[in-house]
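To start, the structure under review is shown below, and the notes come after it.
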Amino acid sequence: MREKMLPSQTLPDFQQYLISRKLVPEKSVAFYAYWANRYLTFSKRLKNADAAEALRLFLEDLQSRENIAD
């Protein structure tokens, strides 16, 4: 069984980076970390895709889902 991570536990170093550089509003940091984590999890399943291909496939996957708003 996969353990669900709390937003504050998702990519904590990435969250700290976003905060320290003031790259996004602090209230949005967990949201950005969540989506970065989703992409990283998705891309790990791809064996031979380069970064551009992994991103394209990730975006296609999101577009195919009815419950994901753009």
Inset, instruction - Say whether the condition of being of a type in the set (D, E, K, R), surrounded by 14 or more Cβ atoms within 10 Å (Cβ to Cβ), under 23 Å from D13 (Cα atoms) and free of Cβ contacts under 8 Å to residues at least 24 places away in the same chain is met by at least one residue in region 33-46. - result: yes
Inset, instruction - Working carefully through the options L6, L23, find the one that is loosely packed, with under 15 Cβ neighbours inside 10 Å, modelled with pLDDT of 95 or more and not small (G, A, S). - result: L23
Legend entry - Lone qualifier among A49, A30 - being modelled with pLDDT under 95, surrounded by 11 or more Cβ atoms within 10 Å (Cβ to Cβ) and assigned to a helix (DSSP H, G or I): A30
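The values are calculated or read from the model by the stated rules, or taken from the named source; none is laboratory data. On a predicted model such as this, the values are computed, not experimentally measured, just so you know. Cβ sites come from the backbone with ideal geometry, for glycine too, and all protein chains shown count toward neighbours.
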